[in-house]
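Q: Below you will find the structure I want to go over with you.
The values are calculated or read from the model by the stated rules, or taken from the named source; none is laboratory data. For clarity, every value in this text was computed on a predicted model and none was experimentally measured. Neighbour counts are summed over all protein chains in view; Cβ atoms, including those assigned to glycine, are modelled from backbone coordinates with ideal geometry. Quick note on the areas: whole protein, heavy atoms, side chains included, nothing else; ligands and nucleic acids left out. Shrake-Rupley method; radii C 1.70, N 1.55, O 1.52, S 1.80 Å.
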Amino acid sequence: MARALRLMIYDNTCVGDFPKPGASSSKHTLGARVMRRAGRMLDGAPWPGLTQSWQVGGLLYSALGRLDGWRGFPDWTRALTWLAEHRADEAIGEVQFWGHGKWGCAKIDGETLGIDSLDREHAHNDALRAIRERMRGAEQPLWWFRTCETFGADSGRAFARGWTEFFDCRAAGHTYIIGLYQSGLHTLAPGQRPSWSTDEGLVEGTPDDPRQALWSKRREPNTITCFHGRIPPGF
């Protein structure tokens, strides 16, 4: 069997959301005043955000031979269509999405990909079914949500089960807010029940009404870094 494609998609709308120099400082020291002055001088200038970090990650992963294709999108319709049609005669062995997430969903520019996307009448469903057919041609395919909180709380566990059953493949996601460190990484295969706690990663709220997640740290459960391209055994 030929090696299947490894593809990455990301949200390309998160620009300008990194804080500018001095934006959060109220100190009156010389250094703080200089930083605030620098920030005002940069008003109106292009400024990086998370999209740029995901672009850098895509370049790095591609250079390391971890990806066969990657692209950013402003909405889920175009992202899923690209996955369904890119090099359409080849199987897909892995999909990674880098972007924002909340419990039980992943987002592009505020648009949600969730368990309701699996409904036959949903606008996302046709593309998801086409992607599923391509992943069926791969050995041990994987869909990895490298997003905050997507597998956390009750809704995250339900999403994980629904996604694996629909695609008949393993899925991975996180229960914490992720950044350089990415904690609470778990995988689920079709027919399995989630083994992680419904309150893992929660700092405020309850599993059926989550309000706030914890930030990832090196010593939190199932932690990798953004430089890890593979899921460790046992996760």
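Quick grid of which residues meet (1) farther than 16 Å from Ile9 by Cβ; (2) open to solvent by 20 Å² or more (accessible area, probe 1.4 Å); (3) β-branched (Val, Ile, Thr):
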position: Tyr61; (1), (2), (3): no, no, no
position: Asp68; (1), (2), (3): no, yes, no
position: Gly72; (1), (2), (3): no, no, no
position: Ile108; (1), (2), (3): no, no, yes
position: Ser117; (1), (2), (3): no, no, no
position: Ala123; (1), (2), (3): yes, yes, no
position: Arg129; (1), (2), (3): yes, yes, no
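Q: Let me ask you something else. Output the qualifying pairs, or none if there are none: Cβ atoms under 7 angstrom, residues six or more apart or on different chains, first residue in region 112-127 and closer than 17 Å to Ala160 by Cα, second residue open to solvent by 80 Å² or more (accessible area, probe 1.4 Å).
A: Sorted first by the residue in region 112-127, then by its partner, the pairs are Asn125/Asp119.
Q: Quick one: Ala91 ticks every box in (1) over 25 Å from Asp208 (Cα atoms); (2) among the aliphatic types (A, V, I, L, M); (3) crowded, with 20+ Cβ neighbours inside 10 Å bar one, so which box is it?
A: If we test Ala91 against (1) over 25 Å from Asp208 (Cα atoms); (2) among the aliphatic types (A, V, I, L, M); (3) crowded, with 20+ Cβ neighbours inside 10 Å, just (3) comes out false.
Q: Filter region 149-188 down to the residues that are assigned to a loop (DSSP other than H, G, I, E, B) and more than 23 Å from Trp54 (Cα to Cα), then identify the one that is least open to solvent (accessible area, probe 1.4 Å).
A: The qualifying residue least open to solvent (accessible area, probe 1.4 Å) is Cys169.
Q: Still on this structure, please answer the following. Give region 189-235 a look and list any residue that's buried (at least 16 other Cβ atoms within 10 Å of the Cβ), assigned to a strand (DSSP E or B) and of a type in the set (A, V, I, L, M), or say none.
A: Leu202, Ala213, Ile224
Q: Residue by residue through region 139-157, note down the ones that are under 12 Å from Phe167 (Cα atoms) and either of a type outside the set (Phe, Trp, Tyr) or in contact with a Lys or Arg (Cβ under 6 Å, 6 or more places away or on another chain) (or both).
A: Passing the criteria: Gln140, Pro141, Leu142.
For every residue, the table says whether it meets (1) under 26 Å from Cys226 (Cα atoms); (2) modelled with pLDDT under 95.
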residue: Pro19; (1), (2): yes, yes
residue: Gly22; (1), (2): no, yes
residue: Ala38; (1), (2): no, yes
residue: Trp47; (1), (2): yes, yes
residue: Gln55; (1), (2): yes, no
residue: Ser62; (1), (2): yes, no
residue: Arg66; (1), (2): yes, no
residue: Gly72; (1), (2): yes, no
residue: Thr112; (1), (2): yes, no
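Q: Name the one entry in Trp103, Trp98 that is open to solvent by 10 Å² or more (accessible area, probe 1.4 Å) and touching an Asp or Glu at 6+ places or on another chain (Cβ under 6 Å).
A: Trp103
Q: Please work out if Arg134 is of a type in the set (Lys, Arg), crowded, with 22+ Cβ neighbours inside 10 Å and out of contact with any Lys or Arg (no Cβ under 8 Å at 6 or more places or on another chain).
A: Yes: the conditions hold for Arg134.
Q: Could you tell me whether Ala138 is touching a residue at least 60 places away in the same chain (Cβ under 8 Å) and closer than 17 Å to His100 by Cβ?
A: no
Q: Given region 40-148, what strands (runs of 3 or more DSSP E) lie entirely inside it while holding 3 or more residues that are within 22 Å of Cys169 (Cβ to Cβ)?
A: 69-73, 92-98, 105-108, 111-114, 142-146
Q: If Ala84 satisfies all but one of (1) surrounded by fewer than 18 Cβ atoms within 10 Å (Cβ to Cβ); (2) touching a residue at least 12 places away in the same chain (Cβ under 8 Å); (3) closer than 17 Å to Ala130 by Cβ, what's the number of the condition it fails?
A: Unmet condition: (1).
Q: Can you confirm whether Trp76 is modelled with pLDDT of 60 or more, closer than 29 Å to Gln182 by Cβ, open to solvent by less than 20 Å² (accessible area, probe 1.4 Å) and touching a Leu at 6+ places or on another chain (Cβ under 8 Å)?
A: yes
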